[in-house]
Amino acid sequence: LGGTPLPAADWRAFLYLSARGRVVGRAVAAPRAHAFLAEPPTADAADGVGAGAGVPPASAAAAVLRHDGVRRRAQCGVSHIWVEPAHRRQGIGRALLDAVRKHMRPGLEVALDALAFSQPTARGTALAAAYVGGGRFLVYD
């Protein structure tokens, strides 16, 4: 959406380590002033099921998520979130998002409705929708 890129010092990486000390999950986030409400997926993008309940079909993975075009207040943008395939569906993604919200801004927990996501994949869309509850979440370009 244009603007000046944030300095590298503003970005934060969050890692999830296995009991053996191996990185099995990662989230990258930065402060964000505004984002847009994601449009609900179309019927043809949501009629299949991927690896877990509520996951759109693989064909939707590359689709660009649309938004409503109305600027809304945001506090944080999640640029990337990844969990190793063998460790998915174990709450790691949720734990990473919890850490982002609690530790992104010292002394202030990021509000659930002020957490935005950058063009998530189909699985990322399912995670974001489930995490914020109600299926509607903020996105940014």
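The values are calculated or read from the model by the stated rules, or taken from the named source; none is laboratory data. Keep in mind it's a predicted model, so treat the numbers as computed, not measured. Cβ sites come from the backbone with ideal geometry, for glycine too, and all protein chains shown count toward neighbours. Areas reflect the complete protein model, heavy atoms only, side chains present, ligands, DNA and RNA absent. Shrake-Rupley method; radii C 1.70, N 1.55, O 1.52, S 1.80 Å.
Being open to solvent by 20 Å² or more (accessible area, probe 1.4 Å) and touching a helix residue (DSSP H, G or I) at 6+ places or on another chain (Cβ under 9 Å) is the filter here, so list the residues in the range 99-117 that pass it.
Once the filter is applied, which keeps residues that are open to solvent by 20 Å² or more (accessible area, probe 1.4 Å) and touching a helix residue (DSSP H, G or I) at 6+ places or on another chain (Cβ under 9 Å), the range 99-117 yields 101, 109, 111, 112, 113.
Test of understanding: among 9, 58, which residue is over 15 Å from the mean Cα position of the chain (by Cα) and modelled with pLDDT under 65?
Residue meeting the stated conditions: 58.
Inside the range 24-35, can you point out the residues that are of a type outside the set (A, V, I, L, M) and either surrounded by fewer than 18 Cβ atoms within 10 Å (Cβ to Cβ) or farther than 16 Å from residue 111 by Cβ (or both)?
Within the range 24-35, 25, 26, 31, 34 qualify.
So, in the range 96-139, of the ones that are part of a strand (DSSP E or B) and more than 13 Å from the chain's Cα centre (by Cα), which residue ends up farthest from residue 25 (Cα to Cα)?
Looking at residues that are part of a strand (DSSP E or B) and more than 13 Å from the chain's Cα centre (by Cα), I get 108.
Which condition breaks for residue 70 when tested against (1) under 26 Å from residue 99 (Cα atoms); (2) at pLDDT 55 or above?
Here residue 70 clears every test but (1).
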